[in-house]
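Right, one structure below, let's go through it.
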Amino acid sequence: GNWLGMVGGGQLGRMFCQSAQSLGYKVAVLEPAESCPAGDVADLHIRSAYDDAAGLAQLAARCQAVSTEFENVPAPSLDALARDVRVAPAGSAVAVAQDRIREKAFIAGAGVPLAPYAEIRTAADLDAASPELFPGILKAARLGYDGKGQARVADKDQARKAYADFGGVACVLEALMPLRAELSVVLARGFDGRCVVYPSAWNEHRDGILAVSTVPTQLDQQQAELQRSAAQAALAIAAGLDYHGVLCVEFFVLQDGRLLANEIAPRPHNSGHYTMDACITSQFEQQARVMAGLPLGSTDSLCPAIMLNILGDVWFDPASGARREPDWAGVLAVPGASLHLYGKAEARRGRKMGHINVVAPTLDAARRSAAAAAAALHIPFDRAA
Ligand code: ATP
Ligand code: MG
Ligand code: MG
């Protein structure tokens, strides 16, 4: 039959499986965990380490194309797979996204502006860091996500302490920028180099974790210009990487209106989950289409959308801290709301457990629905946002 392969068993892999299956594909997931969101819905779950030669060989033998759903798959594993099967994205592209030092150098090289930063490979690099980088954020070059592996530092002494706390791993030190907004661009690039770009999501983070993405269908002139520039920058990055698959580029909008790239993700992205309910083709279906060499789908969004992340916190009563089942019926009673849960066995604070997409004919109506859905789960939602 027609099989597609996925390295990684998290929620992004799960939603990929569901999309690929509805296009008629079977999906094999390679993930060492016994039970995992993607493995539980896959047609085949290969329980092996990401760098296990036998597991990778089994995946390559079964599938016509393989992709990944997280940054930290070893790039050599993707290179090894690519000897036997089509791989999207390539190990070389993923390797850039895995290392903030390489990532920033690459983005700058593509002509896209970034926040001022310095590479910190040794304590001496910190000693030499420009005072303009403070207050700043020290970010471990590898393995961080959801704000993990990052420390806000007011001055060089705090940076030295944070660097030591990280164990002296390679880092970037970035100036803390005055943000007006954050937006992200999700695009798909096929093996023929053709690209499609989704409408930008306007993102709000809480404690370093994406909380809300808002996607209007009507933009004011300033938003439209920012979206155009962001899309252009993301396309330049994708072309520069000779990227195949779904790519996300995160951006900052500064208080003075300038647009800076933040980071890239070589996969479908949390801020693109709105596409599941608001667009003709979801970002996960698009990933499957690239892999299978099918025509890319329309990225048009049909209506304003708001995505709310559901973290494990929702399972804990805010007053008593006791565990409780969230009020799903309350969410589903909200007009235009749809619920996507990832089937994770254990709810932990700060862990992504699912999301809600709200769609409505107008952005105001979407905000009213999002506020109601958030209230049902006792999640903060600022309607003015
Ligand atoms: P992700 O889960 O998106 O991969 P991450 O752990 O890689 O997150 P970043 O995207 O680097 O982290 O930062 C997380 C958030 O912290 C950003 O979306 C932004 O809100 C804030 N942030 C990061 N860098 C800066 C900066 N230089 N100036 C101001 N805010 C920043
Ligand atoms: Mg990141
Ligand atoms: Mg980020």
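Overview of results
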item: Which listed residue, of Val331, Val290, Val314, is in contact with a Phe, Trp or Tyr (Cβ under 9 Å, 6 or more places away or on another chain) and assigned by TED's automatic domain parsing to the domain that holds Gln232; result: Val290
item: Criterion (small (Gly, Ala, Ser), under 16 Å from Val212 (Cα atoms) and more than 16 Å from ligand 1 (Cβ to nearest atom)) met by exactly one of Ala292, Ala278, Ala288; result: Ala278
item: Selection from the range 143-165 of residues that are assigned to a loop (DSSP other than H, G, I, E, B), at pLDDT 95 or above and within 15 Å of ligand 1 (Cβ to nearest atom); result: Ala154
item: Identity of the residue in the range 49-90, crowded, with 17+ Cβ neighbours inside 10 Å and of a type in the set (D, E, K, R), that ends up nearest to Asp192 (Cα to Cα); result: Arg86
item: Residue in the range 217-228 that is within 21 Å of Asn270 (Cα to Cα), within 16 Å of ligand 2 (Cβ to nearest atom) and under 20 Å from the mean Cα position of the chain (by Cα) present; result: no
item: Matching helices (runs of 4 or more DSSP H) fully within the range 88-134 where at least 2 residues are in contact (Cβ under 8 Å) with a residue 60 or more places away in the chain and not assigned by TED's automatic domain parsing to the domain that holds Gly240; result: 91-97, 100-109
item: Any hit, the range 245-252, residues being in a strand (DSSP E or B) and at positive phi; result: yes
item: Filter result for Arg102 (basic (Lys, Arg) and over 26 Å from Val153 (Cα atoms)); result: no
item: Count of residues meeting criterion [of a type in the set (Gly, Ala, Ser), assigned to a helix (DSSP H, G or I) and out of contact with any helix residue (DSSP H, G or I) (no Cβ under 8 Å at 6 or more places or on another chain)] in the range 1-21; result: 1
item: Residue in the range 22-30 that is buried (at least 20 other Cβ atoms within 10 Å of the Cβ), in contact (Cβ under 8 Å) with a residue 24 or more places away in the chain and in a helix (DSSP H, G or I) present; result: no
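The values are calculated or read from the model by the stated rules, or taken from the named source; none is laboratory data. Since this is a predicted model, take the numbers as computed values, not measurements. Glycine gets a Cβ as well: all are built from the backbone with ideal geometry, and neighbour counts include every protein chain shown.
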